[in-house]
Amino acid sequence: MPQPYVLLSAAVSLDGYLDDTGPERLLLSGPADFDRVDEVRAASDAILIGAGTLRTDNPRLLVNSPERRAARVAAGLPEYPLKVTVTASGDLDATARFWHTGGEKVAYTTDKGAERLRALGLPADVDVVSVGPDLRWRAVLDHLGTVRGVRRLMVEGGGQVHTQLLRQGLADELQLAVAPLFVGQSDAPRMFGTGAYPGGPTSRLRLLETRPVGDIVLVRYAPTVPGTGGQPSAADRHWLDLACDLAAQCPPSRTAFSVGAVIVAADGTELARAHSREGDDPAAHAEEAALAKLDPADPRLANATVYSSLEPCARRSSRPSPCARLILDAGVRRVVTAWREPDTFVVGADGSALLAAEGADVVVLPEYEPRATAPNSHLLTP
């Protein structure tokens, strides 16, 4: 199983705060938005909060609507999503409502934290999972996906958790319910902390939706910044998904694969996109066509990522240079693909090896292989 789709959810003031400094929790949302959040929870496989939020808010993290819980059960799902918390120290209150309401729970922690949690006498349905001497978000998400089968993870805070996931390129979506008020207290908790974020200050997120919910405005964004090296980011999944969409637009052929390609700069700017046989050229490959739309001297190519639904070719008869060579000659040193080229037309094709031999990072996301092969199914049938 791949890592879950990670959705960061929070209500914030107009000046970006999650709460004020008073003893009681500041209610930023209204009834309509609370119901929307309940709907998002019901559509999630798991809901996660950090240890700080568990301590300060003592939440139950339940799906409140009986109708939504019944719909989950009718769909063969547990009545409640899995409840997840993350704590390095294991210093949590065993009487917290989190542990004693809803369905199954899991606490991700360190080796030392696990010893402390297991000594608390938590309920039997709480699974304590150590990810090693240090708390690592990728290990947490890998376990949720591969062991727990979580496909959609809703993260409800706090600010430190939101910040870490976004900085590490692990958040697929941000859902911000913006409340029409100001907090104005510099020491109040903020949604995101200060520091470096992927892509730097010029990077812009992709707007998914805005809509009013009562007197709240819901804003949904998706990060766009590619990963680095061999580590995939959540945005890599978005761009590879787009490449697979482009592959489906190819004119059908019985002598060549249908492939889509997108070239993206390090700050998340889309530079070019193309698909096989684009325009009037029946021999054009997707990566070749996308590169042809750019100035070869564009300095952004050196730090760009090429997304291709199929591994770039290492050999071809219709052109002097295969796509893997064109990518290297353009200065690109990172490629993300969904599918390794089969022996249908070229036996032993291995564009990834050619790329890697000259220092390029090749990331394969096999969960996208079904989408990449779909427009080529007629070529793969024995």
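A few points about this structure:
- With respect to the conditions (1) under 18 Å from Thr255 (Cβ atoms); (2) at pLDDT 95 or above; (3) loosely packed, with under 15 Cβ neighbours inside 10 Å, Ala302 lacks only one, and its number is (1).
- Test: Leu170 is assigned to a loop (DSSP other than H, G, I, E, B), modelled with pLDDT of 95 or more and assigned by TED's automatic domain parsing to the domain that holds Thr210: yes
- Exactly one residue out of Val183, Val106, Val128 is in contact with a His (Cβ under 9 Å, 6 or more places away or on another chain) and either hydrophobic (A, V, I, L, M, F, W, C) or part of a loop (DSSP other than H, G, I, E, B) (or both): that is Val106.
- Candidates Gly195, Gly230, Gly184, Gly199 - the one that is farther than 30 Å from Ala374 by Cα, in contact (Cβ under 8 Å) with a residue 40 or more places away in the chain and surrounded by fewer than 18 Cβ atoms within 10 Å (Cβ to Cβ): Gly184
- Count of the stretch 105-140 residues which are buried (at least 16 other Cβ atoms within 10 Å of the Cβ) and over 28 Å from Gly169 (Cβ atoms): 5
- Residue match in the stretch 336-346 (condition: among the hydrophobic types (A, V, I, L, M, F, W, C), at pLDDT 95 or above and surrounded by fewer than 22 Cβ atoms within 10 Å (Cβ to Cβ)): no
- Leu218 vs. criteria at pLDDT 95 or above and closer than 30 Å to Asn303 by Cβ: no
- Filtering the stretch 58-72 to residues that are in contact with an Asp or Glu (Cβ under 9 Å, 6 or more places away or on another chain), more than 21 Å from Pro4 (Cα to Cα) and free of Cβ contacts under 8 Å to residues at least 40 places away in the same chain leaves Asn64, Ser65, Arg68, Arg69, Ala70.
- The residue that is farthest from Gly145 (Cα to Cα), among those in the stretch 1-54 that are out of contact with any helix residue (DSSP H, G or I) (no Cβ under 8 Å at 6 or more places or on another chain), surrounded by 17 or more Cβ atoms within 10 Å (Cβ to Cβ) and of a type in the set (S, T, N, Q), is Ser13.
The values are calculated or read from the model by the stated rules, or taken from the named source; none is laboratory data. Quantities reported herein were computed from a predicted structural model and do not represent experimental measurements. Positions of Cβ are backbone-derived with ideal geometry, glycine not excepted, and every protein chain shown enters the neighbour counts.
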